[in-house]
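As structure tokens, the structure follows; a few thoughts come after it.
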Amino acid sequence: MPNLPDVVVWSIPAYVLLALIEMIGVRIHPDEDAAGYEARDSATSVGMGLGSLAFDFLWKIPIVAAYTAAYELTPLRVPVLWWTLPLMLLAQDFLYYWSHRGHHVVRILWACHVVHHSSRRFNLTTALRQPWTTLTVWPFYVPLVALGVHPAAVAFCSSANLVYQFWIHTERIGRMPRWFEYVLNTPSHHRVHHASQGGYLDRNFGGVLIVWDRLFGSFAAETERPVYGLTKNINTFNPVKVATHEYVAIVKDIKAARSWRERAGRVVRGPGWQPAHPRPERAAEETAVA
């Protein structure tokens, strides 16, 4: 088993320090057009982050079991070496792109990921607003384990990817150099991802690299100032409601559904999907004909 550090835990002091620096910077040099900070919102984001650490520890048990089973079943083995680790990071980032994209277009997956988009602010504490139901994420990385990458190495790559994304949750950085913006994910790209405007929705899914979005047609450049949050904001700072509100909405929609097809659609179609029910007058005509 490779001996790799838990980079998320090691990075916590840096998270705290950088968030404090940003808060002070916003207070000293405020930007009237920026979303800025709000005490209850930041407290909720921090609370969601602490909660995610606890829940991730619980989810780790079945996830490690599943990864271990897949690792034992494959005859392939990829050693952790100076030249294989960058390839693992690249492969993990590619799979992260599809995981992230999937969590935006499949509603039951969105119910997990919507937590991260629920803040109407965009600052370094927003990066800490993590879901408590990450059991929907692990299947996307099974191919990496099946190729012979040790589960501990997969966990390390995922943690490194998450740590990288901390600094891109800010309005205090404009644009990076052009070459940097073309290849890597940046605050500008991620502001687009967190925006609720129609032209910005479901764009810029990359973790470390933005090239996947450019390759697969999901890239959008930042033009107009983003408006953060959801298309229908939940207006609560209760961490439990933030963590579960979309699951509750799914259950309500399933109960109100008129058919099993609609029930399935409420779960596996997009977050904004609506069934094409026939108009009342059309339904009456069809009944009369029958």
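The values are calculated or read from the model by the stated rules, or taken from the named source; none is laboratory data. Note that the coordinates shown come from a computational prediction; the quantities given were computed from them, not determined experimentally. In this analysis, Cβ positions are derived from the backbone assuming ideal geometry, glycine residues included, and neighbour counts consider all displayed protein chains. Just so you know, the surface numbers come from the protein's heavy atoms only, side chains and all, with ligands and any DNA or RNA stripped out. Shrake-Rupley method; radii C 1.70, N 1.55, O 1.52, S 1.80 Å.
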Taking H as built 1.01 Å from N, whose amide H comes closer than 5 Å to the amide H of L184, not counting residues under 5 places away?
-> I210
Convex hull of Cα atoms in region 1-103, direction-averaged projection (nm²) | 10.0 nm²
First compute the accessible area of the chain with a 1.4 Å probe, then give the percent of it belonging to carbon and sulfur atoms.
-> 67 percent
Eigenvalues of the alpha-carbon gyration tensor of region 84-221, times 5 and square-rooted, give semi-axes in Å, largest first, of 23, 18, 14
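If you average 1/r over every pair of different alpha-carbon atoms in region 150-282 and take one over that average, what Kirkwood value in Å do you get? Provide the component values of the computation, followed by the final result.
Numbers: mean 1/r = 0.0562 Å⁻¹.
When all Cα pairs of region 150-282 are included, the Kirkwood radius is 17.8 Å.
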What net charge is computed for the residues neighbouring M23, neighbours being all others with C-beta under 15 Å from the C-beta of M23, Lys and Arg scored +1, Asp and Glu -1?
-> -1
Reach of K60 by Cα under 27 Å, taken over lysines that are not fewer than 8 positions away in the same chain = K241
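Restricting to Cα pairs below 8 Å that are 6+ residues apart, what does the relative contact order work out to for the chain? Please round to a whole percent.
Here the relative contact order equals 24 percent.
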Residue among I24, I250, I108 with the largest mean-square fluctuation in a Gaussian network model of the chain, springs linking Cα atoms under 10 Å = I24
Could you check which residue among S11, S119, S45 shows the biggest mean-square fluctuation in a GNM of the chain with a 10 Å Cα cutoff?
-> S11
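Distances over 17 Å make up what percent of all Cα-Cα pairs in region 44-103?
67 percent
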Surrounding net charge for S159, when Lys and Arg each add one and Asp and Glu each subtract one, Cβ distance under 13 Å = -2
Under a plain spin-label model, where a point goes 7 Å from the Cα along Cα-to-Cβ, how far apart in nm are F57 and T223?
-> 4.8 nm
Provide the convex hull volume over Cα atoms per residue for the chain, in Å³.
-> 174 Å³
For the chain, return all DSSP H helices satisfying: extent of Cα atoms along own axis at least 24 Å; mean Kyte-Doolittle hydropathy at least -1.0.
-> 7-28, 39-73, 84-105, 239-256
With the contact rule set at Cα under 8 Å and sequence spacing of 6 or more, what percent relative contact order holds for region 1-158?
-> 42 percent
Highest-MSF residue in the chain out of L95, L87, L144 [GNM, Cα springs under 10 Å] | L87
For region 103-196, give the magnitude of the charge dipole about the Cα centre (Cβ charges: +1 Lys/Arg, -1 Asp/Glu; no others), in debye to the nearest 20.
-> 320 debye
